[in-house]
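Quick notes on the structure that follows.
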Amino acid sequence: MIDIKVIGSSSKGNAYLITDGHSPLLLECGVKFKDIQRTIEFKTSKLVGCLVTHEHNDHCASLKEVTKAGIDCYMSPGTAEAIDHKHHRIKTVQNKQSFQLGTWTILPFDVQHDTAEPFGFLIANNQGEKLLFATDTYYIRYKFKGLTHVLIECNYSLDILNDNISSGRVPKVMKKRLLRSHFSLENVKGFLQANDLSKVQEIHLLHLSDNNSNEQRFKEDIQQLTGKPVYVA
């Protein structure tokens, strides 16, 4: 049974802790290291690693402290080059080439964001559970079978964004960047409809915008669409 703990999920910092009861794994390290330590009850040596999707600070702010604590951090070669933190704990992995961390088999895949080489990750355990982790992308080109857990960005809704631009609450230039860097509610719905959700136990919506989202509406919309339990991080 996969257990998911949200440490942070916003533009201020992102990090998640998952475990299957055997191999605690950190997803992102964009929050204060002490918050990561508290979440794992200061047993950082138990972590089998940390996956980093891209180089933006809200996803890797505490990377130096994480590596200093002896935790291997896995990312694309492009992300490693962009972060430019020379350390033997930085491990580069290749697009669509799976690797093993403890009881997890991890498959990185390319996503669409305004960074060097961003990844999403498909994370499977020995019990046959599969967790999809995808954040900071406006599109996912792949379909996945047998998913049991979905952690996916749902940053904004187009109608809320347009209303905010019309009223002057959000600058118009923001729209172009969001459309080419973050997952909208509308695109999340399309992605979920295109995938096999028959085994999905829960869906977590991540990284909601402070201004351009509606937590209750997003939760209700995705629950109605999928019939699955939905949590907003």
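Couple of notes before you dig in:
- Candidates Leu17, Leu63, filtered to the one that is farther than 27 Å from Leu147 by Cβ and either buried (at least 19 other Cβ atoms within 10 Å of the Cβ) or under 17 Å from the mean Cα position of the chain (by Cα) (or both): Leu63
- Reported count of residues in segment 136-167, each being part of a loop (DSSP other than H, G, I, E, B), of a type in the set (Ser, Thr, Tyr) and closer than 19 Å to Leu178 by Cβ, is 4.
- Condition check for Asp114: of a type in the set (Asp, Glu) and closer than 17 Å to Gly30 by Cβ: yes
- In segment 124-164, the residues that are over 18 Å from Phe191 (Cα atoms) and touching a residue at least 40 places away in the same chain (Cβ under 8 Å): Asn125, Asn126, Gln127, Glu129, Ile160, Leu161, Asn164
- Among the numbered conditions (1) of a type in the set (A, V, I, L, M, F, W, C); (2) surrounded by fewer than 20 Cβ atoms within 10 Å (Cβ to Cβ); (3) part of a loop (DSSP other than H, G, I, E, B), the only one that Met174 does not meet is (3).
- Residue selected from segment 183-233 under the condition in contact (Cβ under 8 Å) with a residue 40 or more places away in the chain and in a helix (DSSP H, G or I), by the criterion surrounded by the most Cβ atoms within 10 Å (Cβ to Cβ): Ile222
- Just one of the listed residues (Val31, Val6, Val52) is touching a residue at least 24 places away in the same chain (Cβ under 8 Å) and touching a Cys at 6+ places or on another chain (Cβ under 8 Å), namely Val52.
Here, each number is a calculation from the coordinates, and none is a lab measurement. What you see is a predicted model; the values in this text were computed from it and never measured. As a convention, Cβ positions derive from the backbone with ideal geometry for all residues, glycine included, and neighbour counts pool all protein chains shown.
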